[in-house]
Amino acid sequence: MSAALPASDRPLLRQRLRAERERFAQGADFAAAHAALAARLCSVLHQLEPACLGLYWPIRSEFNAVVALRDDPNCSRIDWALPYTRREPREMQFRHWDRQAPRLVDDCRIPASDGAPVVPDVVLVPCVGFTREGYRLGYGGGYFDRFLAAHPQVTAVGVAWAAAQIPLEALAPAAHDLPLMLVVTEQGVVGG
């Protein structure tokens, strides 16, 4: 990674990491990295044994946990939920998901479930960037931060490409930034 950016430059850091992720997704190693991350994530979930798993609908070049877990026999017995976000008031809830094509789009224009609201015991959290200490850089809306702060009993598992790891000083976590329990990448598990 390049030199650390001042904390006030989170948008610039976010932009740089997303561009690097897009280049990575177009590369020859992407399919193998996706398979490796899927295997590591399945292993972590088998250990955590969630009753209800909160996923995210993948956007841009994020890891596609929906596809990766769909055919895993252990995950087929777990209830799934997708986030639904509102801009006013700014909040996110999870809704039970029947694994069919989402029939709804939330306020952030992301496919969402129209199922009943639920609070998953384990939530997968997409990371634009992350630190070895488990802090996450997201898209800047604060939705996951608010949800996790309101539900401290939920186990938060970050999901990211290894190249998105940044030094703690580059992120300079703020008071609202809560560390994830661990972050799963194609190269291994960070934290935990």
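The values are calculated or read from the model by the stated rules, or taken from the named source; none is laboratory data. A quick note: this is a predicted structure, and the numbers were derived from the prediction, not measured. Reconstructed Cβ throughout: ideal geometry from the backbone, glycine too, with neighbour counts over all protein chains shown.
Structure above, values below:
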{"quantity": "Selection status of Arg136, among the basic types (Lys, Arg) and under 19 Å from Ser61 (Cα atoms)", "calculated": "yes"}
{"quantity": "Options Leu69, Leu12; residue that is modelled with pLDDT under 95 and either exposed (fewer than 12 other Cβ atoms within 10 Å of the Cβ) or touching a Ser or Thr at 6+ places or on another chain (Cβ under 7 Å) (or both)", "calculated": "Leu12"}
{"quantity": "Residues of segment 36-66 that turn out to be touching a residue at least 24 places away in the same chain (Cβ under 8 Å) and either in a helix (DSSP H, G or I) or in contact with a Cys (Cβ under 8 Å, 6 or more places away or on another chain) (or both), as a count", "calculated": "12"}
{"quantity": "Residues (closer than 25 Å to Val67 by Cα and in contact with a helix residue (DSSP H, G or I) (Cβ under 6 Å, 6 or more places away or on another chain)) located in segment 164-192", "calculated": "Ala164, Val184, Thr185, Glu186, Gln187"}
{"quantity": "Hits in segment 129-140 (condition: part of a loop (DSSP other than H, G, I, E, B) and surrounded by fewer than 23 Cβ atoms within 10 Å (Cβ to Cβ))", "calculated": "Arg132, Glu133, Gly134, Tyr135, Gly138, Tyr139, Gly140"}
